[in-house]
1. Using only the Cα atoms of the range 1-93, build the gyration tensor, take square roots of its eigenvalues as a ≥ b ≥ c, and label the shape rounded, prolate or oblate: rounded if a/c is under 1.5, else prolate if a/b is larger than b/c, else oblate.
2. From the Cα gyration tensor of the range 145-184, with a ≥ b ≥ c the square roots of its eigenvalues, which class applies: rounded if a/c is under 1.5, or else prolate if a/b is larger than b/c, or else oblate?
3. Subtracting the Cα-Cα distance from 0.36 nm times the residue separation, let me have the gained length for residue 221 to residue 188 in nm, one decimal.
4. Going by how many other Cβ atoms sit within 10 Å of their own, how do 24, 143 line up, fewest first?
5. Sort 244, 224 so that the residue with the fewest other Cβ atoms within 10 Å of its own Cβ comes first and the one with the most comes last.
6. If each DSSP helix of 4+ residues adds -39,500 (n - 2.57) and the sum is divided by the residues in the chain, what number results at 222 nm, nearest 500 deg cm²/dmol?
7. In a GNM of the chain with a 10 Å cut-off on Cα contacts, which of 110, 66, 278 has the highest mean-square fluctuation?
8. Classify the range 117-237 from the C-alpha gyration tensor, please: rounded if a/c falls under 1.5, else prolate or oblate depending on whether a/b exceeds b/c.
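Values in this text are rule-based calculations from the coordinates and carry no lab data. Here the structure is a predicted model, which is why all the values come from computation and not from measurement. Here the Cβ positions follow ideal geometry from the backbone for every residue, glycine too, while neighbour counts run over all protein chains shown.
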């Protein structure tokens, strides 16, 4: 792993923690599908302007994988945003942060990667830290938990595809596949919702609500920060090993912990501080192991 990959991941986790807090605030008034729409719409405009000023330089040739990245990334984003608006910020991030475990599994199964026992132990320590901080909470409907779990699985597959696509495409092209996928699916959701509504599928089907006043500024900030975070994470997974980048993303725990406190989340106890220590230990150790390989 190159040092730039680690730095990009740290900046990505900070950006996503801020994005999660803004999403939580907006989720009190707008459906998660609409928030995905605005995030991706604004982000896509910014990326297209960037391409206009600096044309793409890439090899290409992996269209199917690029489409897969767009689809799996968009659906996992739908799931994550839904959890951010329906659950406590801490719980929603917990489910999303299960993806490094799936990355480790899929790296071995799909990419034939070889991880040392120390790297596996580091991943386990990181996940143990997550469990210490956010113990299993069954106060929510089963649907919330299933959607949350999918956000972790989908995110892991999306990040693995980034690692491979980075060899063939400009990073902005990879971002476009992700942003366009979410934009198309959210527009499809609005269209279907105009004729059919079912609360059981509110994680995907929702009617569009026109934002009012100050909310426009919050939506703009959420979208721009999300794009910045996605740019950082795309760079990180293009430069570094997927399992390593996934472990470093555990740093989102302390950032989300602070954001949650500001939003009025429940007080934390000794177990939470132990968990934070284990998560940070895991990230630092994994970075050192990777630099020594």
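1. Prolate shape, in that a/c is at least 1.5 and a/b is the bigger ratio.
2. Verdict is oblate for the range 145-184.
3. So the chain would gain 9.4 nm between residue 221 and residue 188.
4. The order, fewest Cβ neighbours first, is 143, 24.
5. 224, 244
6. On the way: 12 runs with 218 residues, N = 293.
Rounded to the nearest 500, it is -25000 deg cm²/dmol.
7. Looking only at 110, 66, 278, the biggest GNM fluctuation is shown by 110.
8. oblate
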